[in-house]
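The values are calculated or read from the model by the stated rules, or taken from the named source; none is laboratory data. These numbers were taken from a predicted model, which means no experiment stands behind them. In this analysis, Cβ positions are derived from the backbone assuming ideal geometry, glycine residues included, and neighbour counts consider all displayed protein chains.
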Number of protein chains: 2
Amino acid sequence: MLNEAVILENSPGAGGEPERRVRDRGATERAILAAAKGLLAEEGFQNFGINAVARRAGCDKQLIYRYYGGLDGLVEAIGTDLGTWVKDRIPEDAGGMFLLTYGDLMERLSLLLLDALRTDPLMRRILAWEISENTEQVRRLAEARSKALALWLERMRGSLAPPKGVDAAVVNAVVIAAIQHLVLAAAAGGQCAGLSLKTSKDWEKAALALKRIVRGVYG
Amino acid sequence: MLNEAVILENSPGAGGEPERRVRDRGATERAILAAAKGLLAEEGFQNFGINAVARRAGCDKQLIYRYYGGLDGLVEAIGTDLGTWVKDRIPEDAGGMFLLTYGDLMERLSLLLLDALRTDPLMRRILAWEISENTEQVRRLAEARSKALALWLERMRGSLAPPKGVDAAVVNAVVIAAIQHLVLAAAAGGQCAGLSLKTSKDWEKAALALKRIVRGVYG
DNA sequence: CTCGCTACTCACCGATTGGTGACAGCGGGG
DNA sequence: CCCCGCTGTCACCAATCGGTGAGTAGCGAG
C-alpha cells in the first residue's frame, strides 16, 4: 500500500550525506552510554530521556531499547559504570599516608571529598537526582553512587580506627551532608545560606570552616 | 446546536456533581495558589506545570494565565506568599530567650531549623528545586525562600553577637548546609551517607551529632 | 427586561514525549 | 550461491505538554 511511497521517500535521490553508520554494536553501545553520561552530567536529570540520549548518541532510540532494555537499563549501566569511579579518584599512595589522628584523617578526607565532588559533574547530578526523586530507577543509581563513595572513603581511610567518645558514623554523615550540599548549592546557584561559593577564595573560606568544624569534633 | 447537550451534561440531573463554580475571582485565585503550593509540596517540582495546577485547582488553565500571567507569575506568588513563613514559625517568646553564649544560640537554632525543615514539605521541595535547576523562575523563588529563612534566623538570633575568633557566617553556612542536606536526603531516600534517617531515634542521633559539631566550633 | 461586563469553559494548535512494529542492508554460515 | 540474522532506520502511535482564540454563562446596572 503505502510502501511504494515510503520507498520513494527513502530513495537516496540527489540529496545529502547518507553517512552510513558502521555496523558495530559494541561501538554503538559505548556511544549510547557515553551520550547518557554526558547528557546527565551536562544537562541534569530534568531533560534526561530516551529521545535526548538517542539524539546525542546519533542513533535511533530503538537501539537503546534493544541494547539496554530502555532507560532503566541504561541508568543501571551508568550505575555499574560508576564502579570505576574509585580507581580514577584514588591517589596511588593511598595506603602510604601517615595521618596520626582520626581528626587528621577526617579533615583530610573532608577536603578531598569536597574537591572530588566539585570536579565531578556527573556525581553531582546523580546526587541532585537522588534528592529530588524517589523512583526505583533513581534508587538503584543512588545505591551505586553511595557504594562508590563509601568504597572511596574506606580506601582513603586505611586502617585508622575512630575514637571511642563520639559516634563517628553519625558525625561523619553530617559532615558529608554539609559537603554535598555546599557543592550542590554552589553548582546550582553559586551560593548557600548567603555564603557566596564562586571564586576559589570563597572555597578556601568554606574549606577552612569545614576544617574547623571537623577539628572541633575530633580535636 | 450542541449547547443543549452541554447543558444537559452540566445540568444537575441525576448524574454526578456539577458543583457549579461560584463566580468569585478572589476565591478562584486563592484556590489556584493553594493548588500550586499543595502540588509543589506533595509532588515536587517534577510534574509541576500549568495543566497539573489547573487540574488540581479544578479550573481551566486559562484562568492561571489571566490571574497570574502564567506559571512564572504563579511561582512568584508562591514566593511572596512565603513571606508569611516567619510569622507562622516564630515562637512568641522569641525575644525573651536567655541564651548565654553564641554556642548556646547556634545549637538551639540548628535544632530548630532542622525541625522546621523536617515538618515543612513545601520548603523542602523548593530547596530541592533550587539545587536541581537554575532558571530565572527558580532563582526568584529561591531568593524568597532564602530571605524567609534568613529573616527567621535573624529574629531567632536576637541581639547576640558572634564571637571574634571564627568566621561565624561561613561556619553557619556550612552547618545550615548540613541540616538542609540531611533533611532533603531523609525525605527522598530515608538516609544520608549510610546513616538511616527514618525513626525519631535516628533523628535524635543526628541531632546529637549536630549539637556536638556546633559545640565543637563555638565551644 | 435588556445590555454589557466579567468570570469561566472549551476546542484546538504545534511540539515533544515514551514506545512499537515494519523494513532496509550488510555479512557470515549453511 | 542463497538465506537468515543482526544492525540500523524510519514511520507511526497515543498521551501530554504549554499556549491561545473564541465563545458561553451569570450577575449587576440601567
All but one of (1) surrounded by 19 or more Cβ atoms within 10 Å (Cβ to Cβ); (2) touching a Leu at 6+ places or on another chain (Cβ under 9 Å) hold for A:SER146; state the number of the condition that does not hold. (2)
Can you tell me which residue within segment A:35-75, out of those that are more than 16 Å from DNA strand D (Cβ to nearest atom) and surrounded by fewer than 17 Cβ atoms within 10 Å (Cβ to Cβ), is nearest to the other protein chains (Cβ to nearest Cβ)? A:GLU43
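Among the residues of segment A:5-34 satisfying the criterion of being among the charged types (D, E, K, R) and either assigned to a helix (DSSP H, G or I) or at pLDDT below 50 (or both), which is surrounded by the fewest Cβ atoms within 10 Å (Cβ to Cβ)? If you could, list the steps in order and put the result at the bottom.
Residues of segment A:5-34 that are among the charged types (D, E, K, R), as a first pass: A:9, A:17, A:19-21, A:23-25, A:29-30.
Okay, now just the ones that are also either assigned to a helix (DSSP H, G or I) or at pLDDT below 50 (or both), so A:9, A:17, A:25, A:29-30.
Working: A:GLU9: 9, A:GLU17: 5, A:ARG25: 10, A:GLU29: 18, A:ARG30: 12.
Within segment A:5-34, the match that is surrounded by the fewest Cβ atoms within 10 Å (Cβ to Cβ) is A:GLU17.
Going by what's in this entry, would A:ILE179 be described as closer than 21 Å to A:ILE90 by Cα and either within 7 Å of chain B (Cβ to nearest Cβ) or out of contact with any strand residue (DSSP E or B) (no Cβ under 8 Å at 6 or more places or on another chain) (or both)? Talk me through it step by step, then tell me what you get.
Details: closer than 21 Å to A:ILE90 by Cα: yes; either within 7 Å of chain B (Cβ to nearest Cβ) or out of contact with any strand residue (DSSP E or B) (no Cβ under 8 Å at 6 or more places or on another chain) (or both): yes.
Answer is yes for this residue.
With respect to B:LEU2, determine if the residue is modelled with pLDDT of 95 or more and either among the hydrophobic types (A, V, I, L, M, F, W, C) or near DNA strand D (Cβ under 9 Å from one of its atoms) (or both). Full working, then the answer.
On the way: modelled with pLDDT of 95 or more: no; either among the hydrophobic types (A, V, I, L, M, F, W, C) or near DNA strand D (Cβ under 9 Å from one of its atoms) (or both): yes.
When the stated conditions are applied, B:LEU2 does not pass them.
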Is one or more of the residues making up segment A:191-202 within 7 Å of chain B (Cβ to nearest Cβ), at pLDDT 95 or above and surrounded by fewer than 20 Cβ atoms within 10 Å (Cβ to Cβ)? yes
Could you please find all residues in segment B:100-114 being touching a residue at least 12 places away in the same chain (Cβ under 8 Å), in a helix (DSSP H, G or I) and over 24 Å from the mean Cα position of the chain (by Cα)? B:TYR102, B:GLY103
